[in-house]
Amino acid sequence: GDGWYGGGADLTPFYLNDEDAKNFHVFWKDVCDPFGSHLYPAYKKWCDDYFYIPARKEHRGVGGIFYDDLMSDQAAARANGETLVSCADPQGFTRAVAEGLMSSYLPIADKRRAEPYTEEQRHWQLLRRGRYLEFNLLYDRGVKFGLDGGRVESIMVSAPPLIAWEYNVVPEAGSEEARLCEVLANPRDWA
């Protein structure tokens, strides 16, 4: 219909695996392209811009796609104000995004879930989960909307169950943690 739609998917790894990031982005480009070759580049940029932690000068993850207030081309032409990107079939596009969520992520989870990890790596995971929660509580519009609307429990239940906080964490130069932080500070074109 002539309503507006929003959605997306982003990947927030604790350790960067280039192949996983590339496959995730190629998956979403392939979902976007049948609805318009302009969608993936626009929504990848929107994702990079949206999931940014200004105080840290880093992004929450390695990106994906994000869109909001998506209208049909006809509705966008009638709307007052600026429309960032329109789509001939926003409802069909949003359905394709929703139907792709599990397929975009489960292959990564299936491949990585049995990998061994050290206590130091687990601690790094908890620190990164802290950054995820930091973004959600300070910057995410959906969380703010839910909190303002009195849905505190349903918002907080979506938070990671375990996190860690430390003051001024700086990964060791040349480490895998530092490699992730470099990409979080400088998003890549993966697809």
Subject >> Between helix 119-138 and the chain: long-axis angle, C-alpha atoms, 0 to 90°, nearest 10 >> reply: 40 degrees
Original post:
What lysines sit close enough to K29 to cross-link, taking a C-alpha to C-alpha distance under 19 Å and skipping anything fewer than 8 places away on the same chain?
Top reply: K44, K45
Original post:
Taking one equal scatterer on every alpha-carbon of region 114-179, how large is log10 of I(q)/I(0) by Debye at q = 0.18, 0.23, 0.28 1/Å?
Top reply: -0.77, -0.99, -1.22
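Kindly state, to the nearest 0.05, the FRET efficiency for T118 paired with E182, given R0 = 22 Å and r defined as their beta-carbon distance. Present the calculation step by step, with values, prior to reporting the outcome.
Details: r = 21 Å, r/R0 = 0.97.
Using R0 = 22 Å, I get an efficiency of 0.55.
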**OP:** May I ask for the angle, rounded to the nearest 10°, between helix 18-32 and the longest principal axis of the chain, with both axes built from Cα atoms and the value confined to 0 to 90°?
**Re:** 10 degrees
**OP:** Report, to the nearest whole %, how much of the accessible area of the chain belongs to carbon and sulfur atoms, 1.4 Å probe, protein only.
**Re:** 54 percent
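Find the Rg to Rh ratio for the chain, where Rh is the Kirkwood radius over alpha-carbon pairs and Rg uses the same atoms. Numbers along the way, then the final one.
Values: Rg = 17.7 Å, Rh = 18.0 Å.
Radius of gyration relative to Kirkwood radius: 0.98.
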**OP:** Please give the helix 39-50 orientation as an angle from the longest Cα principal axis of the chain, in degrees from 0 to 90, rounded to the nearest 10.
**Re:** 50 degrees
**OP:** Can you work out the accessible area per residue across the chain, with the rest of the protein chains kept in place, probe 1.4 Å, in square angstrom?
**Re:** 58 Å²
Original post:
Quick one: how many Å² of M102 are accessible to a 1.4 Å probe, rounded to 10?
Top reply: 120 Å²
**OP:** Name the lysines eligible as straight-distance cross-link partners of K111: C-alpha to C-alpha under 20 Å, and not fewer than 8 places from it in the same chain.
**Re:** K22
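The values are calculated or read from the model by the stated rules, or taken from the named source; none is laboratory data. Since the structure is predicted, the reported quantities are computational estimates derived from the model, not experimental observations. Using ideal geometry, Cβ is built from the backbone for each residue, glycine included, and neighbour counts are taken over all protein chains shown. Accessible surface areas use protein heavy atoms only, side chains included; no ligands, DNA or RNA. Shrake-Rupley method; radii C 1.70, N 1.55, O 1.52, S 1.80 Å.
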